[in-house]
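Take a look at the structure below.
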Amino acid sequence: MAKLAMVLGLLAVAGCGAKDGGLPSAGFVPINEGPGEPYVVGPLDNLEIFVWRNPELSTSVTVRPDGRFSVPLIDDMAATGRTPTQLARDIEKKLAEYIQSPIVTVIVSGFQGPFAQQVRVVGSATQPQAIPYRANMTLLDLMIAVGGTTEFAAGNRAVLARVENGTQKEYNVRIDDLLKDGDTSANVKINPGDVVIIPESFF
């Protein structure tokens with residue numbers, strides 16, 4: 001309990017020190033919602049690997065925490081940082097040593113993604129957690145995913161930490177205004193790798 005109180009105290013200080021960087025508002029529904037960047041495989045992703053006309057080589061596998069996986073005829077192949085299509089081509093090259101002109105399809109399920117593609121919510125959220133980034137994600141989407149804030153949260157002192165051009169910047173976000181008052185101007189776009197820190201109220 002003492003450690004938890006210390007962490008929450010630090011989060012509160014962080015919230016007070018943040019400056020409003022003027023993040024532009026984002027609509028509740030994107031005007032022109034399109035596909036995001038190609039998905040990149042990460043540790044603990046589940047992969048369905050299909051090898052055409054070779055059912056004995058088709059299999060399901062989970063990417064290990066070290067970012068690699070093993071399947072029949074292939075040991076310790078690196079998966080992290082590759083798109084499913086790139087990974088399929090890598091597998092084809094390896095299998096070509098054993099079978100003629102292999103055709104491979106990789107389907108991802110149980111999405112986790114690499115850490116750089118996750119969004120984290122810490123502090124006084126109902127369910128603090130790391131969430132795989134989704135295309136066109138906004139602060140409202142993120143707060144729905146974590147179940148909102150606790151009754152002791154100081155939502156309007158929350159901080160969004162973001163790395164821009166190699167430098168970490170902090171922006172104030174007004175979660176209470178968004179969730180309790182429905183203030184659309186408080187909804188902002190979320191980027192891969194963002195961290196939202198929600199401090200506790202002082203009283």
Pairs please, first residue from region 64-78 and under 11 Å from residue 47 (Cβ atoms) and open to solvent by less than 80 Å² (accessible area, probe 1.4 Å), second anywhere and of a type in the set (D, E, K, R) and part of a strand (DSSP E or B), Cβ atoms under 7 Å, 6+ apart in sequence or on different chains.
77/68
So, in region 100-132, of the ones that are outside any strand (DSSP E or B) and modelled with pLDDT of 95 or more, which residue ends up most open to solvent (accessible area, probe 1.4 Å)?
100
Right, residue 163: open to solvent by 50 Å² or more (accessible area, probe 1.4 Å), of a type in the set (A, V, I, L, M), within 19 Å of residue 24 (Cα to Cα) and under 17 Å from the mean Cα position of the chain (by Cα) or not?
yes
If you go through region 133-160, how many residues are part of a helix (DSSP H, G or I), charged (D, E, K, R) and open to solvent by 50 Å² or more (accessible area, probe 1.4 Å)?
1
Please determine whether any residue of region 166-173 is of a type in the set (D, E, K, R), on the phi < 0 side of the Ramachandran plot, in a helix (DSSP H, G or I) and within 21 Å of the chain's Cα centre (by Cα).
no
Which numbered condition residue 91 fails, given (1) part of a strand (DSSP E or B); (2) open to solvent by less than 40 Å² (accessible area, probe 1.4 Å):
(1)
Among the residues of region 23-34, is there at least one that is in a strand (DSSP E or B), over 28 Å from residue 188 (Cβ atoms) and either open to solvent by 30 Å² or more (accessible area, probe 1.4 Å) or modelled with pLDDT under 95 (or both)?
no
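The values are calculated or read from the model by the stated rules, or taken from the named source; none is laboratory data. Nothing here was measured: the structure is a model prediction, and the numbers come from that model. Cβ atoms come from the backbone with ideal geometry, glycine included; neighbour counts cover every protein chain shown. To get the accessible areas, we keep the full protein, side chains included, count just its heavy atoms, and leave off ligands, DNA and RNA. Shrake-Rupley method; radii C 1.70, N 1.55, O 1.52, S 1.80 Å.
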